[in-house]
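Bear in mind that the values in this text are calculations on the coordinates, not laboratory data. Predicted model only: the values in this text are computed from it and were never measured. Quick reminder, even Gly has a Cβ in these numbers, built from the backbone with ideal geometry, and neighbours come from all protein chains shown.
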């Protein structure tokens, strides 16, 4: 008998019919002889509706009270789903975050799980009950309700799977699994059977909205077998593991696009040590996360440094640079918010120098200019003009995955 | 400095504007130098909406899961109200039933409060915070969420007032206080300044929907000073106490009407001992509550017994009687569901025999036939034809409270 943790997102539990569908999936796993713990998100737009209600009353409400408010969403989901399972004749119990022993720190609205006391869940599993747990929430040392922030239900599920030593953690969502590129904008994509944690992390951070990064990081750390699959189609999903069996077949797992990126370029910096430290500590102090950093080779005692930030941080980053122009010592700063980042991700890439080259070739053939390049062990990213982003993804995807192209 | 417990019902917290209004009332009491604990109900129709959601999924859902679902309603109210108070610049914290230490038995959907652990509330009050508590809910020994049933928020408030030794428990509602009769159907009514617990109990059980009986009983038991007042008008309300100062002035506090009543009459019973026991133990076994019981004086070895039950129980009571016709031994049974109970209530009544008489006279003058009479120390009830109920209340009220009539 296996222990399976399943997670169902907001779209999957949006109304009575969908809750019944989720109940059937859970019961299916239970009838197959498994112990089942299912983590649920709030129904559809519930969380957004509650946030709107709060804004109407107090846009500056304390996070402690926001968490008190928002945690009701998942509580409604689990109790309604328990009722659906009861209606189908199976034993079930719903547990809030605190009842399920989800202990977190006190960082309201972005709490981190510190420890899970699994005794209550185990007791209910021993009674042969299906256990439903409210995702996204926990309790801190003062017995106050906390939430884990956006994507928190994925994290709840993976953390529970780790704490319970589950054999599998299934993340049910509204897509069939992980694809070689976003099937909504790219033609000829196909679903991946398997992907490594690291590839999934790169894809998630690149804007493939399938799994929240925090949950993948946690799954990697505790080696939790993940599966991403659809609660609607009933098809097999994508398995996310430490090592995948088909790694040799293709060096590239997917092509991703991220439009939420801005490039800041500092021109004419003095070619002396310590300048990069100065720049990035200033940004860090303001809480601005920097993604790609490129530094030109010094020439004539002068060099350039470019970096990318999220679009929402571009203005603040620009201001910090201007305010410290003297201290940093540059000639001028350029900000470009009309760019997109296109990346190929693949765990097999590191051993094959030709992969990056093939990507550049595909972009060149499509007449797309490359603005900036960054590479890591399992990723090659390029910045291109925002208006050419979709065409760039399609060209790169065609090159690696099109049946007439050769597989990297 | 006084400690005040305030309770606000669903209508009082129905939307953002009303929550702000409630926040202002709470802050008013706090700024006057009091420690304030406010108990809130769910907003407007929230509870009914949640019940409807549950019914759609499973009309036979377990009460444990229903309580899990319904308890979210009050949690939403308290967090939103806390945000409103924060927006006005005052320190506040919201607490769910379990955080506030409301320990109950495990009778889901109708739980009884066993004990209140007030240490968390006291700790927050010591920090000079306004404390908001989710009404209607608690936690049982297994750490599962329970609800107290309808009217439960009144009970939460009174229980908290008793446990905290509060100086006053204010029940804010959508009416100005307790009236001499229902102002929606009777003309010439006026609001009472004070009323005794016992009178309030009789009025509540007679259908004056101002305060839930459980909360009045508890207030009486622990001698909690109650005040019923409007969250909208800002006017002084009605004080409910053990002994009221103006008792001598009027023997009658109010006139109440209850249409939810049916009369069952057993005709031609043998005039022997033990028959009444037989009848009412049969009804008790079926969980049917009996209100008024009247037994005619035996004559020619035969007597009649009439009793009233709630309208919803009339059919079941009738059936029990028919099923046991032989065992009880009566000739026939008559059921009348087209009746109403009209009552006058007043703690001063017991010492004034003329009061009942005056009521009968008023009804006679109005040409209304009296079907059945029952009296207690502080109440006189009569059954009249349902169609004449409103006219009967008006006639009785005019007789006792009209400025041209004399005060009982």
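Computed quantities for the displayed model
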{"read-out": "For chain B, share of DSSP beta bridges that run antiparallel, in % to the nearest 5", "value": "60"}
{"read-out": "All Cα pairs of the range A:1-63, percent lying beyond 15 Å", "value": "59"}
{"read-out": "The range B:3-174 - percent relative contact order, Cα under 8 Å, separation 6 or more", "value": "30"}
{"read-out": "Semi-axis lengths (Å, descending) of the ellipsoid that matches the C-alpha gyration tensor of the range A:113-256", "value": "29, 16, 14"}
{"read-out": "Two-site FRET efficiency, residue A:387 against residue A:335, from Cβ-Cβ distance with R₀ of 22 Å, rounded to 0.05", "value": "0.80"}
{"read-out": "Helix axis angle, B:46-57 relative to chain B longest principal axis, alpha carbon, degrees", "value": "70"}
{"read-out": "For chain B: span of alpha carbons on each principal axis (Å, largest first)", "value": "77, 54, 34"}
{"read-out": "Modelled FRET efficiency - R0 41 Å, residue B:366 with residue B:110, Cβ distances, 0.05 increments", "value": "0.55"}
{"read-out": "Convex hull of the range B:329-388 built on C-alpha atoms - directionally averaged projected area, nm²", "value": "5.4"}
{"read-out": "Label point distance in nm, residue A:127-residue A:51, each placed 7 Å from Cα along Cα→Cβ", "value": "3.6"}
{"read-out": "Rotation relating B and A, chain A residue nearest the axis via C-beta, angstrom", "value": "A:72, 2"}
{"read-out": "Order by protection proxy (mean Cβ within 10 Å, highest first), peptides A:365-373, B:236-244", "value": "B:236-244, A:365-373"}
{"read-out": "37 °C / 0.692 mPa s Stokes-Einstein diffusion coefficient of the protein assembly as shown, Kirkwood radius on C-alpha pairs, µm²/s", "value": "104"}
{"read-out": "Enclosed volume per residue, in Å³, of the convex hull spanned by Cα atoms of the range A:77-147", "value": "67"}
{"read-out": "q = 0.17 Å⁻¹, the range A:220-367: log10 I(q)/I(0) [Debye, one scatterer per Cα]", "value": "-1.06"}
{"read-out": "Most mobile listed residue (B:293, B:57, B:305) in chain B, GNM with C-alpha springs under 10 Å", "value": "B:57"}
{"read-out": "Crossing angle, helix B:275-285 versus chain B [Cα axis fit, 0-90 degrees, rounded to tens]", "value": "30"}
{"read-out": "Dimensionless Rg/Rh of the range B:3-174 - Kirkwood Rh, Rg from C-alpha atoms", "value": "0.96"}
{"read-out": "For residues of B:67-74, the mean tally of beta carbons on other chains within 10 Å", "value": "5"}
{"read-out": "Sorted peptide list for B:183-191, B:388-396, A:132-140, criterion being average Cβ within 10 angstrom, highest first", "value": "A:132-140, B:388-396, B:183-191"}
{"read-out": "Chain A, relative contact order [Cα under 8 Å, separation at least 6], %", "value": "13"}
{"read-out": "Nearest-ten-degree value, helix B:63-87 long axis tilted from longest Cα axis of chain B", "value": "50"}
{"read-out": "For the protein assembly as shown, share of DSSP beta bridges that run antiparallel, in % to the nearest 5", "value": "60"}
{"read-out": "Copies compared at residue B:316 - label distances in nm, ascending, label defined 7 Å from Cα in the Cβ direction", "value": "6.3"}
